Amino acid sequence: MTEGRLAVRRLIANSRFRVRAILVTPAAFGSLRGIPGLEVDAPPVYVASRILIKKIGGYDFHQGCLALAERPEPETLAAVLGNRRSRRPIVVLEQVGNPDNVGGIFRNAAAFGAAGVLLSPGCCDPLYRKAVRTSIATSLQIPFAVVDDWPGGLDVVRRQGYELVALTPDGQVTCLEHHNFFENGRSVALILGNEGDGLSPEVLAAADATVRISLDPTVDSLNVATTAAIVLYHIRSFNEELARPDTGSSRRGGR
């Protein structure tokens, strides 16, 4: 189930999804006209007033635009890792169940150039209606897979050339700005846990490195989606600096 004009347009344009039906207000219907995906094997489009649509759906959904699509076959861990591009990170989530957080993380992953998202069992489904909406439909576009063998599957990620970097508020670990990313040509697998429990001891033990974001002492932690945005932006900036011939060799680590 996808709601909102932007999300529905992206759904229609994505060949992985077969749209079964669309329910829209007259205004929303006008905004969808001309989309190529509606011209070939077009799904039925039902146009109704916002009042009637609210009665049908039971709630006010975003922008009077709702689409129902078939769920595609899930992607495998191997397929997501096979999309690897040089120095593009992937995001790994452990037990992140809140759809707003999962959607926000996908949105941040898209904004800062992550190549994919991996999820442990127990994470919110990225194709859940609210997660899709919060992600502005980027969860329909960014490759993702569930790692059923958890946390053992993280070793597969490592063998594919990723450094497993776990985020923790532990004040004893290296600050984010002092960690040397992309050493030995490895990409980054950024591992994030839920806000209540953080990462499990097993995942922290499996990580190649643990880092933290420096915070004011009056605050103990950040929202997990906010954390993802900060670290992904930092990784992209670090990567851009490495690409400069005059500065790439000058980076040094520290505490």
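Answer yes or no as to whether A225 is in contact with a helix residue (DSSP H, G or I) (Cβ under 8 Å, 6 or more places away or on another chain) and closer than 22 Å to N101 by Cα. Considered against the rule, which asks whether it is in contact with a helix residue (DSSP H, G or I) (Cβ under 8 Å, 6 or more places away or on another chain) and closer than 22 Å to N101 by Cα, A225 comes out as yes. In summary, G196 fulfils each of the numbered conditions (1) at pLDDT 95 or above; (2) under 21 Å from P121 (Cα atoms) with the single exception of condition (1). Listed conditions (1) buried (at least 17 other Cβ atoms within 10 Å of the Cβ); (2) modelled with pLDDT of 90 or more; (3) more than 22 Å from G103 (Cβ to Cβ) are all met by V8, apart from (3). Name the single residue, out of those in the stretch 46-71 being part of a loop (DSSP other than H, G, I, E, B) and under 26 Å from the mean Cα position of the chain (by Cα), that is modelled with the highest pLDDT. The qualifying residue modelled with the highest pLDDT is R71.
Does the stretch 213-222 contain any residue that is modelled with pLDDT of 90 or more, surrounded by 12 or more Cβ atoms within 10 Å (Cβ to Cβ), among the hydrophobic types (A, V, I, L, M, F, W, C) and closer than 14 Å to L164 by Cα? No, that holds for no residue. Residues in the stretch 130-172 that are over 19 Å from N98 (Cα atoms) and assigned to a helix (DSSP H, G or I): L154, D155, V156, V157, R158, R159. Any chance you could count how many residues in the stretch 138-164 are within 20 Å of A69 (Cβ to Cβ) and out of contact with any strand residue (DSSP E or B) (no Cβ under 7 Å at 6 or more places or on another chain)? Residues in the stretch 138-164 being within 20 Å of A69 (Cβ to Cβ) and out of contact with any strand residue (DSSP E or B) (no Cβ under 7 Å at 6 or more places or on another chain): 4 in total.
Name the single residue that is nearest to the chain's Cα centre (by Cα) among those in the stretch 190-212 being over 18 Å from G153 (Cβ atoms) and surrounded by 15 or more Cβ atoms within 10 Å (Cβ to Cβ). Show your work before the answer.
So in the stretch 190-212, the residues over 18 Å from G153 (Cβ atoms) come out as 194-198, 209-212.
Imposing the further condition that a residue be surrounded by 15 or more Cβ atoms within 10 Å (Cβ to Cβ) reduces the set to 194-195, 198, 209-212.
Numbers: N194: 14, E195: 16, G198: 18, A209: 21, T210: 20, V211: 20, R212: 20 Å.
It comes out as N194.
Taken together, the residues in the stretch 174-227 that are free of Cβ contacts under 8 Å to residues at least 12 places away in the same chain and within 16 Å of Q95 (Cα to Cα) amount to 2.
The values are calculated or read from the model by the stated rules, or taken from the named source; none is laboratory data. All values derive from a computational prediction rather than experimental measurement. As a convention, Cβ positions derive from the backbone with ideal geometry for all residues, glycine included, and neighbour counts pool all protein chains shown.
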